[in-house]
1. Residues that are in contact with a helix residue (DSSP H, G or I) (Cβ under 7 Å, 6 or more places away or on another chain), within 27 Å of residue 125 (Cβ to Cβ) and free of Cβ contacts under 8 Å to residues at least 60 places away in the same chain: does segment 8-16 have at least one?
2. Report, ordered by the first and then the second residue, all pairs with beta carbons closer than 8 Å, sequence separation of six or more or different chains, a first member in segment 28-48 that is without any contact (Cβ under 8 Å) to a residue 12 or more places away in the chain, and a second member that is more than 16 Å from the ligand (Cβ to nearest atom) and part of a loop (DSSP other than H, G, I, E, B).
3. When segment 24-63 is examined, which residues are found to be assigned to a strand (DSSP E or B) and within 12 Å of the ligand (Cβ to nearest atom)?
4. If a residue has to be within 16 Å of the ligand (Cβ to nearest atom) and in a helix (DSSP H, G or I) to count, how many in segment 73-130 make the cut?
5. Within segment 87-106, track down each residue that is more than 20 Å from residue 18 (Cα to Cα) and free of Cβ contacts under 8 Å to residues at least 12 places away in the same chain.
6. For residue 120, are the conditions met, namely being in the same structural domain as residue 141 (by TED's automatic domain parsing) and out of contact with any helix residue (DSSP H, G or I) (no Cβ under 6 Å at 6 or more places or on another chain)?
Ligand SMILES: [Zn+2]
């Protein structure tokens with residue numbers, strides 16, 4: 001099977017195909033284009049759209065590695081004329097709207113991040129720390145949308161920093177269910193205050209208990225310490 005066909009099947013492309021696979025230094029680039037005038041998806045409503053209105057500049061998405069080489073998908077998205085939404089950019093099937101990596105890579109990163117440190121995950125996939133952080137934040141947000149709210153009884157607080165220690169993220173885990181439930185920029189008392197404000201409905205319904213007591217543990221003046 002041609003590598004183009006293999007990629008098209010792996011990515012589940014219906015209106016697009018891989019027109020060429022080439023090397024760009026160390027990186028393998030799969031060039032994607034629309035098949036004829038097949039219907040595209042509107043990024044506003046997800047509906048199928050026939051008519052287009054020009055194209056956006058070329059974009060690239062990092063995908064899972066092809067053997068041991070980095071693989072990127074290259075494509076110039078169409079603007080589509082949607083009956084409901086007006087002119088929108090098309091929704092490509094391989095990535096979320098503003099994502100810089102494919103859904104397949106994002107899933108793999110989120111999965112591995114449960115087992116390895118973010119630095120190890122970044123090194124494993126050849127991504128920078130910022131990209132890994134963005135993927136995990138997105139995965140957390142998506143998970144929260146799908147998940148039914150459950151009371152948080154025991155939380156753990158962790159912080160991660162970039163290699164040079166200039167930027168930090170604060171992570172809140174549900175220790176009973178071993179899940180990451182929240183991630184915020186920074187590592188100050190304001191950061192953790194953001195967690196307690198989020199979302200206020202949840203706190204007001206009593207689902208986060210003892211929040212006043214928990215808050216004392218963090219001693220904002222010293223930055224965060226473990227709960
Ligand atoms: Zn639409």
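The values are calculated or read from the model by the stated rules, or taken from the named source; none is laboratory data. Note that the coordinates shown come from a computational prediction; the quantities given were computed from them, not determined experimentally. Glycine also receives a Cβ, built like all others from the backbone with ideal geometry; neighbour counts cover every protein chain displayed.
1. Taking every residue of segment 8-16 in turn, none turns out to be in contact with a helix residue (DSSP H, G or I) (Cβ under 7 Å, 6 or more places away or on another chain), within 27 Å of residue 125 (Cβ to Cβ) and free of Cβ contacts under 8 Å to residues at least 60 places away in the same chain.
2. Final answer for the pair search is none.
3. Let us first name the residues in segment 24-63 that are assigned to a strand (DSSP E or B), namely 24, 27-34, 40-42, 48-49, 52-55, 59-63.
Correct list: 40, 41, 42, 48, 49.
4. 0
5. 98, the sole residue that qualifies.
6. Details: in the same structural domain as residue 141 (by TED's automatic domain parsing): yes; out of contact with any helix residue (DSSP H, G or I) (no Cβ under 6 Å at 6 or more places or on another chain): yes.
Against the criterion (in the same structural domain as residue 141 (by TED's automatic domain parsing) and out of contact with any helix residue (DSSP H, G or I) (no Cβ under 6 Å at 6 or more places or on another chain)), residue 120 qualifies.
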